[in-house]
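Trainee: Here it is, the structure in full.
Each value in this text was obtained by applying a stated rule to the coordinates, not by laboratory testing. Treat the numbers as computed from the prediction; the structure is a model and nothing was measured. Cβ atoms come from the backbone with ideal geometry, glycine included; neighbour counts cover every protein chain shown.
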Amino acid sequence: MNTLGQRCRNLRLLHKWTQEELANKIGVTKQVVSNWERNIARPEINHLISLAEVFDVTTDYLLCIAELNGQVLEQEDLNLIGKNITFLMEHFVSPLKKRYSK
């Protein structure tokens, strides 16, 4: 089962970038990248979009919602997708709704 952190690390290594090089490309510190890769923290939405752009993948792929090349998802992956969607709803969608529903 992949996590956002594992995918981020694998893609960074595939591009032969250090954590510092990736951090510079998206405007964060290498410690932030390290925390993402170790699943200690998750990127904010703007950084998630930047990661997708520099890695040339979709945000769905990074969030483990989709696989590359149409591979079939396993139940563990689907459970992780549910957790990621819940996280996004709680931390991004709900605050935006509150802000703009006034």
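Trainee: List pairs: first in the range 90-102 and touching a residue at least 12 places away in the same chain (Cβ under 8 Å), second surrounded by 10 or more Cβ atoms within 10 Å (Cβ to Cβ) and β-branched (Val, Ile, Thr), Cβ under 8 Å, 6+ apart or cross-chain?
Mentor: Going by the 8 Å Cβ cut-off, the qualifying pairs are Phe92/Ile45.
Trainee: Between a first residue in the range 21-38 that is among the aromatic types (Phe, Trp, Tyr) and a second residue that is in a helix (DSSP H, G or I), which pairs have beta carbons less than 6 Å apart while being 6 or more apart in sequence or on different chains?
Mentor: Correct list of pairs: Trp36/Gly5; Trp36/Cys8.
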